[in-house]
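Undergrad: First, the structure itself, so that you have it in front of you.
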Amino acid sequence: MATLLKCFGGSASTSRKRKQPSTTVEELCHRFSLSQLEEATNNFHPTRMIGEGAFGPVYRGGRISIDGQSIEIAVKRIPPGNSFQGRSEFENEIVMMCQLHHPNLVSLVGFCDDKNEMIVVYKYVPNNSLYYQLYEQHGKSSPVEPWKKRLEISIGVARALQYLHSGTKRTIIHRSAEPGNIILDENWNPKLTYFGLSIKGPKFSAKEAKPIKLDVVEGPWGYIAPECWALTNVTYKCDVYSFGVILLELICGKMMFQICEHEGRLIESADATLFACSVVKKVRNAAENGNNDEGIIDPRLEGQIAPQCWRLYMDIIGSCLSVDPHERPDMGDVEVQLERLLQLQEEADHANHGFYSFLI
């Protein structure tokens, strides 16, 4: 617990003569005992497990009363005895999320740092992750399959990243934007989660400052920007690249590793950037030539996308996936373009009764 307090400028052993920190983690979120969370999850019973997070299983925990308010919770339990890296990411996630509040970010309720346990407690979000809804339904249809719903979800994620990049005193670089870390609420609105790898960048007014140099490359495979592999340099433009991969997956209906398998490719992580760019070209060609025989474009989108929306969407993807980070747009610009795209789609639907030839 002392480490968490230090993150806000204080220490558990601070002398009375020294100025006390104005804010601690425990003032911003609730600290749970292990027994409370064991009771809430029926001792972490397997039937309560609703997913597997980046560093441990997630359980539905029922309702807990905090300061007179009843809150339904989800509990992420990092396996006991996890490495120092697990401890570091656990503390980083709590400190980050205590300070972040946005409709498209998951809400932190509290944490447990009791008896060598590392547990993060969120508000429960009922519709699992975007990854689950698109790729693990095993033949069942999902409300997020239609094109417009995918577009609305992408706009919500763009808003979350825009908030992180320019809505706080210092730029927050998420570093883990991918479908498994996008969860969906009761209205199918996206909420970005997992801040274990997130770092603070420069002040927003100086966000073009020198990139942050890290010792190791970290992040989900296929979503890591090329400059991270070459120089382990990190800027907020790394998130823009990750978002471009998400947009590409939404149009292909496949995860990046599935696209690799579909294309018969076995590539190293550092080569994923060039491969992503080649997929963009292949999707463009399939659309323009009216030939999706190889199935590179998700066939579930047949007849749903207006031609002008195809072009704009692919332009957005291409710019986000630029090898040169300086050529990638800010997330605010991406958000505006996606909102315009949605408007164009709705206008086209009204004029064309919502059906189009599959390809442009």
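Undergrad: Quick one: accessible surface of Arg31, probe radius 1.4 Å, all protein chains present, in square angstrom to the nearest 10.
TA: 90
Undergrad: So if we plug the beta-carbon distance of Glu347 and Glu288 into 1/(1 + (r/R0)^6) with R0 = 25 Å, what FRET efficiency do we get, rounded to 0.05?
TA: 0.65
Undergrad: Suppose the chain between Lys169 and Gln258 were pulled fully straight at 0.36 nm per residue; how much longer would it get relative to their current alpha carbon spacing? Don't skip to the end; give the middle numbers.
TA: Numbers: separation 89, 0.36 × 89 = 32.04 nm, distance 3.82 nm.
So the chain would gain 28.2 nm between Lys169 and Gln258.
Undergrad: Now for a separate question. By the scheme Lys and Arg +1, Asp and Glu -1, what is the net charge of all other residues having a beta-carbon under 11 Å from that of Gly56?
TA: Charge balance near Gly56 sits at -1.
Undergrad: Ranking request for peptides 313-326, 336-349, 242-255: highest mean number of other beta-carbon atoms within 10 Å first, then the rest in descending order.
TA: Details: 313-326: 18.4, 336-349: 16.4, 242-255: 23.4.
Highest mean packing first, the order is 242-255, 313-326, 336-349.
Undergrad: Along Cα→Cβ, 7 Å out, is where each label goes; now give me the distance between the ones at Gln308 and Lys200 in nm to one decimal.
TA: 4.5
Undergrad: Cα centroids of the range 283-325 and the range 27-42: how far apart, whole angstrom?
TA: Taking the Cα centre of each part, the range 283-325 and the range 27-42 sit 46 Å apart.
Undergrad: Enter the accessible area of Lys140 (Å², nearest 10), with the probe set to 1.4 Å and all protein chains included.
TA: 140
Undergrad: So how much accessible area does His30 have, in Å² to the nearest 10, using a 1.4 Å probe?
TA: 60
Undergrad: List the GluC sites (Glu not before Pro) within the range 149-246 that fall in a DSSP loop (any state other than H, G, I, E or B) and whose Cβ has at most 15 other Cβ atoms within 10 Å.
TA: Here the GluC sites (Glu not before Pro) that fit, given the DSSP loop and packing criteria, are Glu186, Glu208.
Undergrad: Can you give me the long-range amide H partners of Gly201? Hydrogens built in the peptide plane at 1.01 Å from N, cutoff under 5 Å, separation of 5 or more residues or another chain.
TA: Thr171, Ile172, Ile173
Undergrad: List, in order, the whole-Hz ³J(HN,Hα) value for each residue of the range 148-160 obtained from phi through the Karplus relation with A = 6.51, B = -1.76, C = 1.60 and θ = phi - 60°; use x for Gly and Pro.
TA: 5, 5, 4, 5, 4, 5, 5, 5, x, 5, 4, 5, 4
The values are calculated or read from the model by the stated rules, or taken from the named source; none is laboratory data. As the structure is a prediction and not an experimental result, all values here were calculated from the model. Please note: Cβ atoms are built from the backbone with ideal geometry, for glycine as well, and neighbour counts cover all protein chains shown. Areas reflect the complete protein model, heavy atoms only, side chains present, ligands, DNA and RNA absent. Shrake-Rupley method; radii C 1.70, N 1.55, O 1.52, S 1.80 Å.
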